[in-house]
Amino acid sequence: MSELFSLARWMPGLAVLLHYQRSWLVPDLRAGLSVAAVALPVAIAYAELAGVGAIVGLYSCILPMVAYSLFGTSRQLIVGPDAATCAVIAAVVTPLAAGDATRHWQLVMTMTAMTGFWCLIASRFKLGVLADFLSRPILMGLLNGVAITIIVGQLSKVLGFTFDQRHLIERIAESLGYFSRIHLPTLGISLLTLVLLLLSKRLRPQWPGSMLALAISGGLVWALDLGTQGIATVGTVGSAALLQIPEFPPGLMRELVLPALNLAMVSFVSMMLTARSFAARNGYEIDADKEFRALGFANLASAMSQGFAISGADSRTAVNDANGGKSQLVSIIAAAAIALVTFYLTAPLQYIPTAALGVVLIMASVSLLDVKGLWALRYSDSSAFWLAGITFISVLAMGVIPGITLAVLLGLFQFLRNVMRPTEQLLGMNEAGVVHTMGRSEKVKAVPGALIYRFNSPLTYFNASYFKRRVLHLLAQEPVPPKCLVIDAVACFTHQDISVMSMVAELHKELKRRGIQMVMAGRRTQVTHWFKQAGIRVGEEGIHIYPDTYQALLETRHYREPETPVSVASEPVTPEPEAGKVVPLTSATGHGR
């Protein structure tokens, strides 16, 4: 039993496969072959985007799929090459490689391995909570920016010329000068591929449209010998080589540390969005920390098999789910099918035109675009709109890596702002003696002689001074100085912090000088223990601590004139007001022990 528990803990995918149900085999087989049919052309296209050979894209599918099937907790998620991931790799590695193809490939493997190590470190420290770190608006801005960057970059392949500029803004500024350099035969192949993709999506959406489009365009190049017309093709793909270990040159590793960390962060957040949505649809839960570990092992497997960094693939996951895939066996079947092509059927791939691959990448990038959703944030949440907009413009103006770095910093600043300057509320009572938030209802009035205060964030060293300033400011605004201050300890006293204890001692001393009794409501046992450890006096001569707000008001009624009736009532949790404003909520709020 302990062995099975350990297996489920470290390899949850394998634990599922060991309890495999025979009825799952047919849908898993169908889904696995469908995923392989979609993954093959996409992997080749993304290899072009990453700046490596087509065979590398295939390498990046096989072992990573197997690794995730053993270590992952999602039964539907398919890992593999991803547009945003490949765009990041190309942006980092291309300048460092300085045109050396072998060095470029080696750096890609090194960055992939480092990304895997970052994921394993994050899993070891249980940082799966980072799945919620990059807010949806920030990720929306990031993906929109990456999508436009990819689309503009692929236009040169689709139209048959080469950009002279490296950065997006310069390319767009000089776009008019490129019209005279359009290669018409290449444009014709691009339009044919686009029509085939659109027709397949419209008439036979269940078919692997990308594979059919690339097969037909490649067949035309071979049959009509269009390579002599100047149409660029993938060329000799090469045969599968023995596994090599990526090099780790110390000098270049310093250049890759932070980009690899950024890539691990973005890949994980993107993967979790996909994994959680399909897990919810199929009625099960996934473990974020184990998903971080699975992503780490998948990237290490990709690096060791000469591939590049991978992430969760939403399009291939959707194909899996649409074909009824039941377990992680789908990934193993898809990996086996791709391995068969990689080892025995690579020769026909040399005729695939790069223009057709560019069209496939553009169509995949279009699915990342959500400009309408980004603009809709302007009306629903202005702060979210500005976060998304700043990230979007930064990716376009500064590049993918600076844009991602800024997105991570924005997520951090957003979190710190919410913790350092949280919402706050003043509480009062209605005619029935039930505690509510004051302000929006005239029936809720302040308790005579008492100020009841709630600070909606855990108190820690970087918001303790703000808490003290807000309390003193609110007390100074009262027309009649209250006799006691009741603080909701449930909302803000969540852990012991020496800076917080020092602030409490100073605040108590100041209130005592003003003749105001300081009262804590909630977490009585824990808060009493913390105060005594910090040397803060508790009890008659110190801070009064009670199990909840109602008990605190009952016990301190002798401070207040006239006396106010208090009734104990259970109440629902209410939404919070805007940060920094003492405004009410529409329903009651209660306190527990």
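Taken together, the values in this text are just the output of simple stated rules run on the coordinates, not laboratory data. Treat the numbers as computed from the prediction; the structure is a model and nothing was measured. Note that we place each Cβ from the backbone using ideal geometry, even for glycine, and neighbour counts take in every protein chain shown.
Before moving on, here are some points about what is shown:
- Label point at LEU273 placed 7 Å out along Cα→Cβ; residues across segment 67-104 whose backbone nitrogen lies under 15 Å: 82-86
- Compactness of segment 356-505 - radius of gyration and Dmax, Cα, Å: 22.8, 77
- FRET efficiency for ARG136 and LYS532, using Cβ-Cβ distance with R0 set to 56 Å, rounded to 0.05: 0.80
- Estimated inter-spin distance, ASN282 and TYR461, nm [label 7 Å along Cα→Cβ]: 4.5
- For segment 1-123, the Cα gyration tensor yields ellipsoid semi-axes of 32, 19, 9 Å (square root of five times each eigenvalue, largest first, whole Å).
- Over segment 422-559, relative contact order from alpha-carbon pairs under 8 Å, at least 6 apart, %: 20
- Each residue of segment 374-390 was assigned a 3J(HN,Hα) from its phi angle through the Karplus curve 6.51 cos²θ - 1.76 cosθ + 1.60 (θ = phi - 60°); the sequence is 5, 5, 5, 4, 4, 9, 8, 7, 5, 5, 5, 4, 5, 4, 5, x, 5 Hz, with glycine and proline shown as x.
- Lysine pairs within the chain, Cα separation less than 23 Å, 8 or more sequence positions apart or different chains: 17
- Net lengthening on full extension, VAL366/THR236 (0.36 nm per residue, minus Cα-Cα): 43.9 nm
- Modelled FRET efficiency - R0 51 Å, LYS201 with LYS443, Cβ distances, 0.05 increments: 0.30
- Only the Cβ atoms of Lys and Arg (+1) and of Asp and Glu (-1) were treated as charged; on that basis the dipole of segment 152-310 about its Cα centre amounts to roughly 460 debye.
- Counting other Cβ atoms within 10 Å as a rough exposure proxy, the listed residues TYR461, TYR178, TYR46, TYR550 run TYR461, TYR178, TYR550, TYR46 from fewest neighbours to most.
- Fraction of antiparallel bridges per DSSP, segment 422-559 only, in percent to nearest 5: 40
- Distance between the modelled labels on ARG378 and TYR20, one decimal in nanometres: 5.3 nm (7 Å Cα→Cβ projection).
- Dipole in debye (nearest 20) - the chain, about Cα centre, beta carbon charges: Lys, Arg +1; Asp, Glu -1: 640
- The Cα atoms of the chain cover 98, 64, 52 Å along the three principal axes, with the biggest extent listed first.
- Computed extension gain for ARG469 through GLN229, at 0.36 nm per residue and net of the alpha carbon distance, reaches 78.9 nm.
- Using a cutoff of 8 angstrom between alpha carbon atoms and counting only pairs six or more residues apart, the relative contact order for the chain works out to 21 percent.
- Pairwise Cα inverse-distance average, inverted: Kirkwood Rh of segment 422-559 (Å): 15.0
- Extension reserve of the HIS167-PHE415 stretch, reckoned as 0.36 nm per residue once the Cα distance is removed: 86.1 nm
- Per-residue HN-Hα couplings for segment 124-132 [Karplus 6.51, -1.76, 1.60; θ = phi - 60°; Hz; x = Gly/Pro]: 4, 9, 6, 9, x, 4, 5, 4, 9
- C-alpha long axis of helix 498-513 to longest principal axis of the chain, angle in °: 30
- Assigned charges on the beta-carbon of Lys, Arg, Asp, Glu; segment 422-559 dipole about Cα centre (debye): 180
- Helix 184-203 vs. the chain, principal-axis angle (Cα, 0 to 90°, nearest 10): 60
- Between 0 and 90°, nearest 10: helix 209-224 axis offset from the chain longest Cα axis: 20
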